[in-house]
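The numbers here are math on the coordinates, done by the rules we state, and not lab data. Since the structure is predicted, the reported quantities are computational estimates derived from the model, not experimental observations. Every residue, glycine among them, receives a Cβ derived from its backbone with ideal geometry; neighbour counts consider all protein chains shown.
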Amino acid sequence: MSKILEIKAAQLVARKAKNTTTASLLTTVIGEAEMIGKSAGNRESTDAEVLAVLKKFEKNMLETIGYLTSGQSTSDFLVDKINIVEAELEIIRQFLPTKLTDLQVQKDIGSIMTERNLVNEPKSLGIITKELKVKYGEQFDGQQISTQFKGMSV
């Protein structure tokens with residue numbers, strides 16, 4: 001099942017259960033994700049495009065939470081807003097691939113460096129990144145791999 005159909009199915013379940021928060025959020029995600037395909041030749045959006053929209057929503061929600069928690073005030077209103085955004089973030093994360101742990105990335109980097117007899121230099125990062133991108137597909141996070149590689153002393 002494509003990612004957009006998965007989200008539509010969850011939205012339908014939420015609407016039937018009268019869960020307006022989830023239904024509204026998923027309706028917004030669907031609209032934004034479908035617009036990409038429609039704007040590019042009136043076609044269905046790809047899973048990669050839908051994932052990009054989901055990641056954008058996640059990033060924006062994390063920024064919102066950071067902004068709301070950065071202030072001096074912790075009024076009930078602010079706490080309620082933070083709780084709402086955190087609940088919405090959990091809904092979005094249901095549709096994102098699980099992220100790799102830093103430990104797993106470090107192990108994979110180490111094993112590739114050992115297998116290929118690589119040294120810790122920028123040129124090696126490109127080779128490692130290519131292999132891990134193939135291995136992990138949707139779970140691939142270039143920033144995480146780069147950070148873990150730079151933090152290693154092999």
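To the nearest 500 deg cm²/dmol, what mean residue ellipticity at 222 nm is calculated for the chain from DSSP H runs of n ≥ 4 alone, each contributing -39,500 (n - 2.57), summed and divided by the residues?
Details: 7 runs with 116 residues, N = 154.
Calculated at 222 nm, the ellipticity per residue is -25000 deg cm²/dmol.
Please report the relative contact order for the chain, taking Cα pairs under 8 Å with a sequence separation of at least 6, and give it as a percent rounded to a whole number. Kindly include the intermediate steps, with their values, before the conclusion.
On the way: 105 pairs, mean separation 27.6, N = 154.
So the answer I get is 18 percent.
Given a Förster radius of 22 Å and the C-beta distance between Thr21 and Thr98 as r, what FRET efficiency does 1/(1 + (r/R0)^6) yield to the nearest 0.05? If you can, show how the numbers build up before the last one.
Values: r = 23 Å, r/R0 = 1.07.
It comes out at approximately 0.40.
Given 0.36 nm per residue, what is the gain on full extension from Glu115 to Ile127 after removing their alpha carbon distance, in nm? Mind showing how you got there, number by number?
Values: separation 12, 0.36 × 12 = 4.32 nm, distance 1.18 nm.
Once the chain is fully extended between Glu115 and Ile127, it gains 3.1 nm.
Could you name the lysines whose alpha carbon sits less than 29 Å from that of Lys16, not counting residues in the same chain fewer than 8 places away?
Counting by Cα, and skipping residues close in sequence, Lys16 has these lysines nearby: Lys3, Lys8, Lys38, Lys55, Lys56, Lys59, Lys81.
Which FRET efficiency value, to the nearest 0.05, is calculated for Arg43 and Met1 with the Förster distance at 25 angstrom and r the Cβ-Cβ distance?
Numbers: r = 18 Å, r/R0 = 0.71.
Once rounded, the FRET efficiency stands at 0.90.
Consider all pairwise Cα distances in segment 102-151 and report the whole-number % of them above 15 Å.
Values: 412 of 1225 pairs.
Of all Cα-Cα pairs in segment 102-151, 34 percent lie more than 15 Å apart.
Please report, for the Cα atoms of segment 26-79, the Rg to one decimal and the Dmax as a whole number; what are they, in angstrom?
When restricted to Cα atoms, segment 26-79 yields Rg and Dmax of 15.7, 48 Å.
Counting only Cα, what are the radius of gyration and maximum Cα-Cα distance Dmax of the chain, in Å?
When restricted to Cα atoms, the chain yields Rg and Dmax of 19.5, 57 Å.
Over 5 Å intervals from 0, what percent of Cα-Cα pairs in segment 3-93 sits in each interval?
So the P(r) values, bin by bin, are 3, 14, 21, 20, 16, 13, 8, 4, 2, 0.
Each label point is 7 Å from the Cα along the Cα-to-Cβ direction; what then is the distance between the points at Glu58 and Leu78, in nm?
Computed distance between label sites Glu58 and Leu78 equals 2.7 nm.
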